[in-house]
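Comments concern the structure below.
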Amino acid sequence: MKKVSLGKFIIFSSVFIVILSALSSLIQLSNLPITLHLSPGQKFTLSVYYPLSFATTPITLPKETMPQTAVVRTLIGNSMTMISSRKKEFQIQLRMFGAIPIKKFRVEVKNPPLVVPGGQAIGVVLANRGVVVVGYLPLTGVDQHQYYPAKEAGIQVGDLLLEINKNPVNHLDDVEFYLKDFKPENQYLQIKIKRQHRFYQLKIRPVLCPSERVGESPSYRIGIFIEDPAAGVGTLTFYEPTSYSFGGLGHRIANFGGRHNIPFQEGEIVIATISGIKSGLPGQPGEKIGIFSNNATSVGHIKKNCRFGIYGSLNANFQNFSTAEPIPIAYSYEIKPGPAEILTVLHDTEIERFKVEIVKVVRQNTPRDKGMIIRVTDPVLLKITGGIIQGMSGSPIIQNGKFIGAVTHVFINDPTRGYGVLAEWMINELNFENTLPKAS
C-alpha cells in the first residue's frame, strides 16, 4: 500500500478546506439579490473566504446628480462592512484571486419608504352589487333533451350578473324571483353582465325543467351556479400616506365560492366586524368570524390580486378607521431573528398589538413569498386563537419600529407558527400614481 506523507496530507486537506469554504461562500452569496437596498446608517457585512475577495466601484452618474459619498470600510481579511450615512449607489464585485470577476451586486443606499401600518379587519368583495357566476349547470328540459343555456348565451365563469330584464340583481334570490315571471312567448331574457372592466348585454333562453320535488310544477332555469360577491375576511396590511395606495392579505385570493377558477382582479374592501373566534388546533386551522355586507360603504378599490396580496387605492371613507403614524419599512437585511409584534383585530374593530418571535429570515434574491418564519409568543393571543388563524392574513409585522412584512400562512400541524412575506416585496406592488383619496 502506498503511503501518503503527512506533509502532502496537510496540503491536500488545506486545499480541500479552501475549496469547500469558497463553495460555501458562493452558495450564501447566490441568495443575495442583484440589488441590495440599505438604509442610511445601516451596517451590513459580507464575508467570503480565500481565494474570493471584494472590490467596490461607484456607479457613474452625471456630475450634477452625483450623490454624496457613502462610507465603505474593508475589515479583516475578506470581510467587507458597509456603513452609510448618505445616499449613494455603488457596485460590489466578487472576485477570485483578486482579479477574476465572479458576480456583481448593485448597492442602493436610500431612505426607505414610509407606510402607515394597518391591522384593520376587512371584508373583500368582488363588487358591491350583482352575483358572481361560478359554474355551469347542464339542464334536462321537460322534453328530456339536455341544454346549456348559459354557455350558449356567452356567459363565462367569473362574470358578474348585474341585471335581468333591466331589473337589478343584488341577491342570490333575485335570479329565481325574476325567472318566476318569465313568459315563454318572450323566448329570451335580457341580462347585463360585467366581465373584468367591460359591460355586456346578452340574451339567454331559459329552459323549462321538471321540479326536483314531487308535486311541484316545472320551472324555468338558466343553468348557472351563482355566489354572493363577498370573498371573505382578511386584514389590511398598510397604506402609503401620500398616494393612499394600500396592500393587504399578503397572499393571492386563489379561490372564490370554494372554486379555484374564478378570476379575481378587481373589487372593493369594506370594514368588517369580528364577532367571534374559532381557535386553531394542530391539523385544524382556526378562523376569525367576521361580519360585513357587500352593500356596505366601500373604503377602498382593489386594482390588483397577486401572490403578495391585494393592492389598490383607499378613498376618503377610510380616514375614520386609521389613527396610526407612518413608519419606515425595513429592508430584508435589517430584519433579525428575535422579538417583534403583529397588529390585528380579535374583537369588533379594535386593533391590538401581540408579541411574536421572528424564528428565521429567508434571504431571497428574487421576489417570493414565505420570507420569514414567525412564532406567536403572546399568552393572550395563544389563549384566544391558539396562534395564527384564518382572517389574520395580512396582519402587519413590526420590529424595532419598522414595518418588516405581513402574516400569510399558518403551519397546519403547529398553529403557533407560520410564514410571513417581506415588506420589500409588498411595497414593490404599489401603484404610486394613485391620486389622493376621493369622497364617495
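The values are calculated or read from the model by the stated rules, or taken from the named source; none is laboratory data. Computed from a predicted structure; not experimentally measured. Here Cβ is always computed from backbone atoms with ideal geometry, including for glycine, and neighbour counts include all displayed protein chains.
What pairs come up if the first residue lies in the range 243-266 and is farther than 28 Å from Val116 by Cα, the second is modelled with pLDDT under 85 and polar (S, T, N, Q), and their beta carbons are under 8 Å apart, counting only those six or more places apart or on different chains?
Cβ pairs passing all conditions: Ile262/Asn255; Pro263/Gln196.
Could you check how many residues of the range 413-440 are out of contact with any strand residue (DSSP E or B) (no Cβ under 7 Å at 6 or more places or on another chain), hydrophobic (A, V, I, L, M, F, W, C) and at pLDDT 90 or above?
Qualifying residue count, the range 413-440: 1.
Looking only at residues that are among the basic types (Lys, Arg) and closer than 16 Å to Phe308 by Cβ in the range 358-413, which one is surrounded by the most Cβ atoms within 10 Å (Cβ to Cβ)?
Among them, the one singled out is Lys370.
I need the full set of residues from the range 365-379 which are over 27 Å from Lys104 (Cβ atoms) and out of contact with any Phe, Trp or Tyr (no Cβ under 9 Å at 6 or more places or on another chain), in order please.
If the condition is that a residue be over 27 Å from Lys104 (Cβ atoms) and out of contact with any Phe, Trp or Tyr (no Cβ under 9 Å at 6 or more places or on another chain), then Arg375, Pro379 are the ones that fit.
When you go through Leu236, Leu249, Leu179, Leu172 one by one, which is the residue that is closer than 30 Å to Lys304 by Cβ, touching a strand residue (DSSP E or B) at 6+ places or on another chain (Cβ under 8 Å) and surrounded by fewer than 20 Cβ atoms within 10 Å (Cβ to Cβ)?
None of the other options fit; the residue is Leu172.
Just one of Asn186, Asn170 is of a type in the set (S, T, N, Q), over 40 Å from the mean Cα position of the chain (by Cα) and on the phi < 0 side of the Ramachandran plot; which is it?
It is Asn186.
Here is a check on your reading of the model: is Ile384 in the same structural domain as Leu281 (by TED's automatic domain parsing), in contact with a strand residue (DSSP E or B) (Cβ under 9 Å, 6 or more places away or on another chain) and assigned to a helix (DSSP H, G or I)?
Yes.
Failed condition for Pro101, given (1) surrounded by fewer than 13 Cβ atoms within 10 Å (Cβ to Cβ); (2) assigned to a strand (DSSP E or B); (3) at pLDDT 85 or above, with all others met?
Just one mismatch for Pro101, condition (3).
If we only count strands (runs of 3 or more DSSP E) wholly inside the range 200-269, which ones have 1 or more residues that are at pLDDT below 85?
The strands (runs of 3 or more DSSP E) meeting that bar are 224-227, 230-239.
What tally of residues in the range 187-218 results from selecting those that are surrounded by 12 or more Cβ atoms within 10 Å (Cβ to Cβ) and either closer than 17 Å to Gly141 by Cβ or not hydrophobic (A, V, I, L, M, F, W, C) (or both)?
Of the residues in that region, 16 qualify.
Return yes or no: is Gly420 in a strand (DSSP E or B), assigned by TED's automatic domain parsing to the domain that holds Gly276, within 22 Å of Lys304 (Cα to Cα) and touching a Gly at 6+ places or on another chain (Cβ under 6 Å)?
Spelling it out, Gly420 is indeed in a strand (DSSP E or B), assigned by TED's automatic domain parsing to the domain that holds Gly276, within 22 Å of Lys304 (Cα to Cα) and touching a Gly at 6+ places or on another chain (Cβ under 6 Å).
Kindly indicate whether Gly300 is modelled with pLDDT of 85 or more and within 14 Å of the chain's Cα centre (by Cα).
So Gly300 does not fit the description; no.
Among the residues of the range 219-233, which ones are farther than 30 Å from Asp348 by Cβ and buried (at least 18 other Cβ atoms within 10 Å of the Cβ)?
If the condition is that a residue be farther than 30 Å from Asp348 by Cβ and buried (at least 18 other Cβ atoms within 10 Å of the Cβ), then Tyr220, Arg221, Ile222, Gly223, Ile224, Ile226 are the ones that fit.
Are there any pairs with C-beta distances below 8 angstrom linking a residue in the range 118-146 that is farther than 15 Å from Phe264 by Cα to a residue that is in a loop (DSSP other than H, G, I, E, B) and hydroxyl-bearing (Ser, Thr, Tyr), with the two at least 6 apart or on different chains, and if so which?
Cβ pairs passing all conditions: Gly118/Ser322; Gly119/Ser395; Gln120/Ser322; Gln120/Thr349; Ala121/Thr349; Tyr136/Tyr148; Pro138/Tyr148; Leu139/Tyr148.
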